[in-house]
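Step one of this worksheet: look at the structure below.
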Amino acid sequence: MSFHSLEYALLLPLALLAYFWMPGRLRWIALLLASVLFYASWRIDFLGLLLFSAAVDYSVGRALSAVHSQGWRRVLMGVSLTCNLGLLIAFKFFTQTANGWFQVAFTPTDGAATPMLFLLPLGISFYTFQTLGYTIDVFRNKREPERHAGYFAVYVMFFPQLIAGPIERAGRFIPQLRRVNDWDWARGATGLGLIIIGLFKKLVIADGLGRWIGTQMVHWETASSLTLASVSLGTAYRFYADLSAYADIAIGSALLFGIKLSQNFNRPFAAESISAFWLRWHITVSNWFRDYLYIPLVRRLGANSAARFIATQITMIVIGLWHGGTLNWLVIGTVSGLIISISNLGRKRVIASGVYGPTIKRSYDWGERILLWPFLLFLGSMVALPDFSDAVQMLGRIAMLPAELIRMDRSTLPAWPLYLAVAIIALEVFQWFDVKYSVHSRLATRSYALALSFYLMLSVLIIVFGTFDTPDFLYFQF
């Protein structure tokens, strides 16, 4: 059951009716039943794994509050770490290794693609980190353990953000379940607006880019450098449009129930540096690794430059491997960590030299902005071609772009669909306005007719230009 399926279009209003019909203290039941149905519609056999993860961390959290011996508390924390990370690592590396082996062993001689034979449990990367973060906070005495099993189960399994985030903190999410909300039309209109924006990103931009990239990559070995550069940047933007679409629909769906989820993307392509790009990309994941990996590493290793370099490198490598246990993602994490560390150290050294005036600062900032785009070409190439040697070859071809531009031939120009270019520009303009002052707030202060016209126009564009034959979101594979 995907967000853009007819099944979800039926589940969401039924869940809303059940939620607001039930007494306030029982409304969690409607959310839990909807979440179980949502997840079971994908793979009912993996539902047991999700329930097991929730049960382990609920039990460990309760036990941590009853045990005062530090030794036993560490044992309990070890149980949570082993169950959560053990299952996550086992499934990630097993599925990728097994699928890679079967691709090699059983690829037909006619070159046809072999379908995936082993599937990663949906959302395991996200709900594992969500429950693990809760247990770590209880272990650190940063929050009291949740005693209501129903509220905790909804916190782990809440269907809008279950599969691909945002990763929520229990201290922010669970109190919202205890608060009794009445239906609010203005809040509902904002939530529905976010859902429509998300569908536009997914069906028009992300899936449209996916279809265009697929046609360009059929014979990528003979494609021009400009075409490959366009494909690389298009791949990076496709991931952004797809992932932020999921976040928009999740946040909008939750808002209908009166639950506010965390922001997950903040215009990463407008970032001023590679470091800022990652801070604007999947914000809740970046914050999770910062709080539960980077900061503890710095505290253990020391706050000097060498310790921060090691902590940054380890954190970025782990983030890369979290996306996929492949050489490509290992290289992405390693390169990202090196660039971030060198950039931070360079700025620190320049400031310490005493010459860091306004002119030097502007030059340094612009240098980092310019460096972001070659990095995006590198990132897009690594993602576009899963085979590392192919990705390196593609990057080598892109590096020949300046020479190709000098002897520009019209036949080398990539045939971008006009509607995709217009849609991407329109989305960036919309997001620029939204940062300045919420578009939904702007529309709410105008007439209802204007707001209705805007969202009806988007709906028509989705119907006319949308691609409806790609059922899943990209992060489902992570």
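Of the listed residues L461, L64, the order by accessible area with a 1.4 Å probe, largest first, is L461, L64.
Working from label points 7 Å from Cα in the Cα-to-Cβ sense, the D365 to V392 distance is 3.8 nm.
The calculated FRET efficiency for the pair R179 and S59, based on their C-beta separation and a Förster distance of 22 Å, comes to about 0.25. Legend: calculated FRET efficiency, L6 to I295, from the Cβ-Cβ distance at R0 = 45 Å, rounded to 0.05, equals 0.50. Alpha-carbon geometry of the chain: the Rg and the Dmax are 23.6, 74 Å, given in that order. Take the Cβ atoms of S305 and T82, set R0 to 30 Å, and the FRET efficiency comes out at 0.35. With every protein chain in place and a 1.4 angstrom probe, the accessible-area ranking of W373, W21, W288, W183, largest first, reads W21, W373, W183, W288. Computed extension gain for M400 through R25, at 0.36 nm per residue and net of the alpha carbon distance, reaches 128.6 nm.
Only helical DSSP H runs with n ≥ 4 go in: add -39500 (n - 2.57) per run for the chain, normalise by residue count and round the 222 nm mean residue ellipticity to 500 deg cm²/dmol.
-23000 deg cm²/dmol
Modelled label positions at L330 and F468, each set 7 Å beyond Cα in the direction of Cβ, lie 4.4 nm from each other. With the alpha-carbon atoms of the range 173-216 aligned to their principal axes, the span from lowest to highest coordinate is 52, 23, 7 Å, starting with the largest. Taken as Cα centroids, the range 1-49 and the range 224-275 sit 25 Å apart, rounded to the nearest whole angstrom. The relative contact order of the chain, computed from alpha carbon pairs under 8 Å that lie at least 6 residues apart in sequence, is 19 percent.
Going by a ≥ b ≥ c, the root eigenvalues of the Cα gyration tensor, does the range 202-299 fall in the rounded group (a/c under 1.5), the prolate group (a/b larger than b/c) or the oblate group?
oblate
Simple spin-label estimate for S438 and N266 gives 1.6 nm between the two label positions (7 Å along the Cα-to-Cβ direction from each Cα). Quick one: work out Rg over Rh on the C-alpha atoms of the range 222-271, Rh as Kirkwood radius. Rg/Rh for the range 222-271 comes to 1.22.
The values are calculated or read from the model by the stated rules, or taken from the named source; none is laboratory data. Keep in mind that this is a model prediction, so the values were computed, not measured. Note: ideal-geometry Cβ built from the backbone for every residue, glycine included; neighbour counts use all protein chains shown. Just so you know, the surface numbers come from the protein's heavy atoms only, side chains and all, with ligands and any DNA or RNA stripped out. Shrake-Rupley method; radii C 1.70, N 1.55, O 1.52, S 1.80 Å.
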